[in-house]
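A.B. asks: Below: one structure in structure tokens.
The values are calculated or read from the model by the stated rules, or taken from the named source; none is laboratory data. Keep in mind that this is a model prediction, so the values were computed, not measured. Every residue, glycine as well, gets a Cβ built from its backbone with ideal geometry; the counts of neighbours run over all protein chains shown. SASA here: full protein model, heavy atoms, side chains in, ligands and nucleic acids out. Shrake-Rupley method; radii C 1.70, N 1.55, O 1.52, S 1.80 Å.
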Amino acid sequence: MSGKTSKTAAKITKKTAATPDTAEPTLLSGGNPQIAKGYGDAPVQAYIAAMPGWKSDIGHRLDALITRMVPGVYKAVKWNSPLYGMEGQGWFLGVHCFAKYIKLAFFRGTSLSPIPPGESKQKEVRYFHIHEEEAQLAAWVEQASRVPGERM
């Protein structure tokens, strides 16, 4: 079979070649974007851009907050989730979209004060869920701060 391409390999090659790089990412169950594994800011930004509806705005603000609060933060997308970490210390935070909320996974959450409210099957992991209502509340607060206030 030297020098020949199997029918299966030829089909895969044609299918891969026919898929443009600019195609919209697939949304997995619950609306989580399917983004190829990658390291650095680019795959994280691709994930955030593909987050559906209100979640994308929260993703941008969350990424900006993390980048501002943690200078030199490392970023990656693994298992269709953005991860944030520190060089030589591992990942400290993961983000994942679900149908009605964004899940923040603090991998050493039991070490935080106060401890994030969402429990995990893993001993040290704790979760915080951001719901649309919370996102709307933040938007309302921001908007309210830009209009003339009430004198009391």
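A.B. asks: Quick one: net charge of M69's neighbours, Cβ under 14 Å, K/R +1, D/E -1?
C.D. replies: Here the count lands on +2.
A.B. asks: Let me ask something else. With every protein chain left in place and a probe of 1.4 Å, what is the accessible surface of Y39, to the nearest 10 Å²?
C.D. replies: 140
A.B. asks: So, taking all protein chains as they sit and a 1.4 Å probe, how much accessible area belongs to E124, in Å² rounded to tens?
C.D. replies: 70
A.B. asks: In a shell of Cβ-Cβ distance under 15 Å around L27, excluding L27 itself, what net charge do Lys and Arg (+1) and Asp and Glu (-1) give?
C.D. replies: With Lys, Arg at +1 and Asp, Glu at -1, the neighbours total +1.
A.B. asks: In segment 78-144, carbon and sulfur make up what percent of the accessible area (probe 1.4 Å)?
C.D. replies: Taking all protein chains in place, segment 78-144 shows 56 percent carbon and sulfur surface.
A.B. asks: Quick one: which residues, 5+ away or cross-chain, put their amide H under 5 Å from the amide H of N80? H built at 1.01 Å from N.
C.D. replies: Placed amide hydrogens put I35 under 5 Å from N80.
A.B. asks: Residue by residue through segment 142-149, what is 3J(HN,Hα) from phi via Karplus (6.51 cos²θ - 1.76 cosθ + 1.60, θ = phi - 60°)? Round to whole Hz and write x for glycine and proline.
C.D. replies: Along segment 142-149, the couplings run 4, 5, 4, 6, 9, 9, x, x Hz.
A.B. asks: For K75, list the aspartates and glutamates whose Cα falls under 16 Å from its own Cα; do not include residues on the same chain fewer than 8 positions away.
C.D. replies: Filter leaves D41, D63, E87.
A.B. asks: Here's a follow-up. May I ask you to evaluate 6.51 cos²θ - 1.76 cosθ + 1.60, the Karplus curve with θ = phi - 60°, for each residue of segment 28-44 and list the ³J(HN,Hα) values in order in whole Hz, giving x for glycine and proline?
C.D. replies: Per-residue couplings from phi come out as 7, 3, x, x, 7, x, 8, 10, 4, 4, x, 10, x, 6, 4, x, 5 Hz.
A.B. asks: Okay, next question. For segment 19-152, just say rounded, prolate or oblate: build the C-alpha gyration tensor, square-root its eigenvalues into a ≥ b ≥ c, call rounded for a/c under 1.5, and beyond that prolate if a/b exceeds b/c, oblate if not.
C.D. replies: oblate
A.B. asks: On average, how much accessible surface per residue is there in segment 61-100, in Å², for a 1.4 Å probe, leaving out ligands, DNA and RNA?
C.D. replies: 56
A.B. asks: What trypsin sites (Lys or Arg not before Pro) does segment 77-138 have in DSSP loop regions with at most 12 other beta carbons within 10 Å?
C.D. replies: Those satisfying the criteria are K100, K121, K123.
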